[in-house]
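**Student:** One structure coming up, written as structure tokens, with questions to follow.
Each value in this text was obtained by applying a stated rule to the coordinates, not by laboratory testing. Just so it is clear, the model here is predicted, and its values are computed rather than measured. Don't worry about glycine lacking a Cβ; one is built from the backbone with ideal geometry, like all the others, and counts go over all protein chains shown.
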Amino acid sequence: MVHYNPAIHHRKSYRLKNYDYSGPGLYAITICCEQHQHFFGTIVDGQLLLNDGGKIAEKCWREIPNHYPNTRTHEYVIMPNHIHGIIEIIKKYIPQNNYCDVVGCQNFDALQLQSNVSQNIRTKNEYQKIIHGSIRCIVRGYKIGVTKWFRQNYPNEFPKNRKIWQQNYYDRILWSIPSYERMANYINNNPTYWVKDFYNK
């Protein structure tokens, strides 16, 4: 087991202050369980074995495009205590209501990816409001959906004062096809890295 070493393993958000995260593009997301607790299953000999909670986490992830038709999900993996996934925003989201829906591998246009980045620079969101259809909104809704299932199905183990998720999440904009391919490869092989993964605690 590899223990967390902040000098080596520190992972920060690459969130850009002046970037529109509701704009078209590919976004790599990591969402961690509170205190890296193993809520979603286990890994045995490199094989991922999801429990019921892990299956719901996977189901909710795959259903993101059902709630946000302007999105696609690409490679993803539900690990025992965290999730890695790539979300593609195809176009700007036009909300049909005044709240963020609870929210999910398809092909994407490589040439379009190259041109999306420059279009997403915007003025800073002064009040840090959640923008409809943004990555922050989608992640928030996803976390709410999974948490709701745990509360309803395991009310004794997961009362309202017990957190399922860490407060924040990690994100990275995939600026190019090579960066997408590297991240996709990492996600697909993530279970085989589990023994050395610093999330494995």
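**Student:** What number comes out for the charge environment of Tyr76, summing +1 per Lys or Arg and -1 per Asp or Glu over other residues with Cβ under 13 Å away? It would help to have the intermediate numbers written out before the result.
**Tutor:** Working: positive: Lys59, Arg62, Arg72; negative: Glu58, Glu63, Glu75, Glu88.
Around Tyr76, the charge tally is -1.
**Student:** Find out how many positive minus negative residues lie around Ala184, taking Lys and Arg as positive, Asp and Glu as negative, among other residues whose Cβ is under 15 Å from that of Ala184. Kindly include the intermediate steps, with their values, before the conclusion.
**Tutor:** Working: positive: Arg72, Arg172, Arg182; negative: Glu75, Glu88, Glu181.
Summing Lys and Arg as +1 and Asp and Glu as -1 gives 0.
**Student:** Still on this structure, I have one more. Could you put Glu58, Glu63 in order, starting from the residue whose Cβ has the fewest other Cβ atoms within 10 Å?
**Tutor:** Numbers: Glu58 21, Glu63 16.
Final ranking by Cβ density, sparse to dense: Glu63, Glu58.
**Student:** Kindly flag which residue pairs out of Lys17/Lys59; Lys17/Lys160; Lys91/Lys163; Lys59/Lys160 have an alpha-carbon separation exceeding 27 Å in this structure.
**Tutor:** Lys17/Lys59; Lys17/Lys160; Lys91/Lys163
**Student:** Hey, another quick one. Around Leu16, which amide H atoms from residues at least 5 apart in sequence, or from another chain, sit under 5 Å from its own amide H, with H modelled in the peptide plane?
**Tutor:** It is none; the list stays empty.
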